[in-house]
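Presented below is the structure to which this report refers.
Laboratory data are not the source of any read-out in this text; all were calculated from the coordinates shown. These numbers come from a predicted model, not from an experiment. So basically every Cβ, Gly included, is an ideal-geometry build from the backbone, and we count neighbours across all protein chains shown.
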Amino acid sequence: MLASIKKKTPVQRLILFFASLTFAFSILSLLAGHHRIFELMSHFKLQYLIGSIIFLSVFMLGKKWVLSLFTTGILALNSYFVLPWYYSSENSLKMEASQKIKLIHLNLLSSNQNYQGVIDFVEAEKPDIFMAQEVNTPWQEALAELTEAYPYNYVVPRPDNFGIAILSKKPLDTIIEKDWGNTRVPSLWVTFKLAGKTVNLVSTHPLPPISARYYQLRNKQLNAMMEELKTVDTPVILGGDFNMTMWSSDYSMFSNSQLKNTRQGFGILPTWPAKFSSLGIPIDHFLISRHFVVESMLNGPDVGSDHLPIVVSLKFSQ
């Protein structure tokens, strides 16, 4: 076998190397619930799928049938996780315009200085509610330009990457700062009226899982949040940079809840990193209770952040 490998050209060896990585990571990512390193591997299902398609084409053209067969299995494995997000059995309900709501979530990136680009984007999209994260004092001052159109707002600026803000055209009946899991990272829980009904809106941004401690704190915050949201029987909209994709084993706290990811039926819609969004991962999310139907879900443009905005239009199903 060693002699066989040595006979291959540098290009062939390179193809085999990257194919082997794709195969290994695809399989090891299935162990995401056992170690955070495997959990990190689980976020790249779309990349593994694209790689599998490329390598299958190469192996079939080269008449490498054993490798083609194995690659087909890896392709099927990753398709199982990716393709269902492009399908939805939900039927959109016909409702009056007063029962619709449009929201934008954006992790601004605290070091991003494209203030006018963000302002122009929000003014062009005209959401009913704009949810911003990584809000520092310069961003608080920049967002003040939107207060005429969004008079109901609450901003928690911080010098780190965990400032947070909600700007709304609709009156906010209650505003609560939450520290779920005692992680010292603020979330916002507000309520407002939609078609005469109280709606709960939550914006959260847990720590990124860049270390074992941060991984635990991320999950601690999100689990504590979901435990409280389970007790709510009125409409819920949850949004934020979760630092987690739908393929994480820890995402089960959402998939096993009554909340639905608004991506369902609209595709993967990667949000990070913004500069390579087509090959990125979907870590920014909106989740909704059964009271809503998704009319549209899409990514916004690159506005200087390392994240793309997500824009969702919902219909309220009473």
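General observations
- Acute angle (nearest 10 degrees) that the helix 115-125 long axis makes with the longest principal axis of the chain, alpha-carbon atoms: 80 degrees
- GNM on the chain, alpha-carbon springs under 10 angstrom: the most fluctuating residue among 245, 22, 234 is 234.
- With at most 13 other Cβ atoms within 10 Å, longest stretch of the chain clear of loop GluC sites (Glu not before Pro) (DSSP): 149-318
- Spin-label pair residue 61-residue 160: with each label point 7 Å from Cα along the Cα-Cβ axis, the two points sit 4.9 nm from one another.
- The chain: angle of helix 65-82 to the longest principal axis, Cα-based, in degrees nearest 10: 10 degrees
- When the chain is treated as a GNM with alpha-carbon contacts under 10 Å, the residue of 119, 129, 104 showing the greatest mean-square fluctuation is 119.
- If the chain linking residue 83 and residue 27 were pulled fully straight, counting 0.36 nm for each residue of separation and taking away their Cα-Cα distance, it would gain 18.4 nm.
- Taking the chain and dividing mean pair separation by its residue count, relative contact order in percent (alpha carbons under 8 Å, at least six apart): 18 percent
- Violating pairs (Cα-Cα greater than 23 angstrom) within the set 220/315; 102/193; 100/220: 220/315; 100/220
- Built amide H within the under 5 Å cut-off of residue 107, gap 5+: 133
- Additional length obtainable on full extension of the chain from residue 13 to residue 184, 0.36 nm per residue less Cα span: 56.7 nm
- Residue 111-residue 228 pseudo-label distance in nm [points 7 Å out on the Cα-to-Cβ vector]: 3.2 nm
- Residues of the range 32-74 with amide N under 20 Å of a point placed 7 Å along Cα→Cβ from residue 252: 32-45
- FRET efficiency for residue 176 and residue 54, using Cβ-Cβ distance with R0 set to 45 Å, rounded to 0.05: 0.40
- Taking the chain as a Gaussian network of alpha-carbon nodes connected by springs under 10 Å, the highest mean-square fluctuation of the residues 284, 128, 241 belongs to 128.
- Axis of helix 212-229 versus longest Cα principal axis of the chain: the two differ by about 50°, to the nearest ten degrees.
- Extension gain, residue 276 to residue 296, is 4.9 nm, computed as 0.36 nm per intervening residue step minus the present C-alpha separation.
- Taken over the C-alpha atoms, the range 32-79 has Rg and Dmax values of 12.6, 38 angstrom.
- Looking at the chain alone, DSSP beta bridges between its own residues are antiparallel in about 80 percent of cases.
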